[in-house]
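Bear in mind that the values in this text are calculations on the coordinates, not laboratory data. Because the structure is predicted, anything quoted here is derived from the model rather than measured. Reconstructed Cβ throughout: ideal geometry from the backbone, glycine too, with neighbour counts over all protein chains shown.
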């Protein structure tokens, strides 16, 4: 029997949600009955409907909202869904309550590695709620974090299914003209695309500049809102490469900047789960240089598909930057291998196959048989 699934998620950001949305488009094309509740201004509504997905143009606006709970509950009761798949906090807090007393499996998603302590009471309204049947983790690092929580009832509910990509999604991306940022022709370019969260470890990148030898023809592009703080600008300017560090602010063509760069640099210190910006850079053939935090530690093989270094270590960042700069041909080859690794390990066909098996097992056995597959990242 093919399950009937109700999905509640935010599909307003086309690029960000594409790996997730494409799963349900593929299942609908296989003849599965898929209902999606999402915001009415989502660009994906057209794609969903073309694939045969039933779209309800609505999404909860508040947590623990009685009207939202009733709306979801009414839809579940009339629709006779087998699975309720939830993807964000507003969906969790309303959807779990809506499913109470109904014969429907409740599945949550976790794409963040940190803040899963069993003693956090807020988690018992979401991930540790008794009504939750399964939790899909986006990386093995997240699953491992769940399993550390000795007093949590979620330890036996977690599985890892990586969100897959298609290299074809990135074929039309053209390299940006980096001269608009003052980059000189022929210079070696490191690019970091990040937000202002402390978890991104930006200060360690700035400190790494102080460990670089003089005379390297490099530029460092820091792409994202709010990255140019007084602290970071000061750290950059105190190095010999201050004039080569460009804080670009938010750039809508970040993928094009990645494509034009030699190395994608990310110095995260915690919390990440297979960082999407790294996957995008690898899909474009740009060599990744990232830290070995739990969520990302299996994504890149050091010296085979990029550079993997310890976190919170400016010297290690600097050493890897020098290594990449001094071995340009090798760095280019690693970019090709990074792209191949995405194709082999994070292919969306693999994700769809695993999600299919997971859902079928969930309605047949309650999820007792399906286990995390060998080789997940």
Checklist entry - Once a ≥ b ≥ c are taken as the square roots of the eigenvalues of the Cα gyration tensor of segment 171-345, is the result rounded (a/c under 1.5), prolate (a/b larger than b/c) or oblate (a/b not larger than b/c)? => result rounded
Item to check | Simple spin-label estimate for residue 302 and residue 353 in nanometres, 7 Å along Cα-Cβ | outcome: 3.1 nm
Checklist outcome for this item: Expressed in nanometres to one decimal, the distance between label points 7 Å along Cα→Cβ at residue 327 and residue 54 is 5.6 nm
Checklist outcome for this item: hull vol. (C-alpha, convex hull) per residue for the chain, Å³ -> 139 Å³
Item to check | Stokes-Einstein translational diffusion, segment 186-271 - Kirkwood Rh over all Cα pairs, 1.567 mPa s, 4 °C, in µm²/s | outcome: 100 µm²/s
Checklist entry - Cα-Cα pairs above 24 Å in segment 268-377: how many percent? => result 34 percent
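With a Förster radius of 22 Å, plug the Cβ-Cβ distance of residue 30 and residue 103 into 1/(1 + (r/R0)^6) and report the FRET value to the nearest 0.05. Could the numbers behind the result be given before it?
Values: r = 24 Å, r/R0 = 1.07.
Efficiency computed from Cβ-Cβ geometry: 0.40.
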Item to check | Length added when fully stretched, residue 292-residue 336, from 0.36 nm per residue minus Cα-Cα | outcome: 13.8 nm
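For segment 29-187, report the convex hull volume of the alpha-carbon atoms normalised per residue, in Å³, without decimals. Each step should come with its number before you reach the end.
Numbers: hull volume 30.9 nm³, N = 159.
Cα-based convex hull of segment 29-187, divided per residue, equals 194 Å³.
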Item to check | Simple spin-label estimate for residue 229 and residue 343 in nanometres, 7 Å along Cα-Cβ | outcome: 4.0 nm
Checklist outcome for this item: Taking R0 as 35 Å and r as the Cβ-Cβ distance between residue 187 and residue 88, the FRET efficiency 1/(1 + (r/R0)^6), rounded to the nearest 0.05, comes to 0.30
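Using a Förster radius of 45 Å, what is the FRET efficiency between residue 174 and residue 364 based on their Cβ-Cβ separation? Nearest 0.05, please. Don't jump to the answer; show the numbers that get you there.
Working: r = 47 Å, r/R0 = 1.04.
Efficiency computed from Cβ-Cβ geometry: 0.45.
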Item to check | Full-extension gain in nm, residue 4 to residue 373, via 0.36 nm per residue minus C-alpha separation | outcome: 130.4 nm
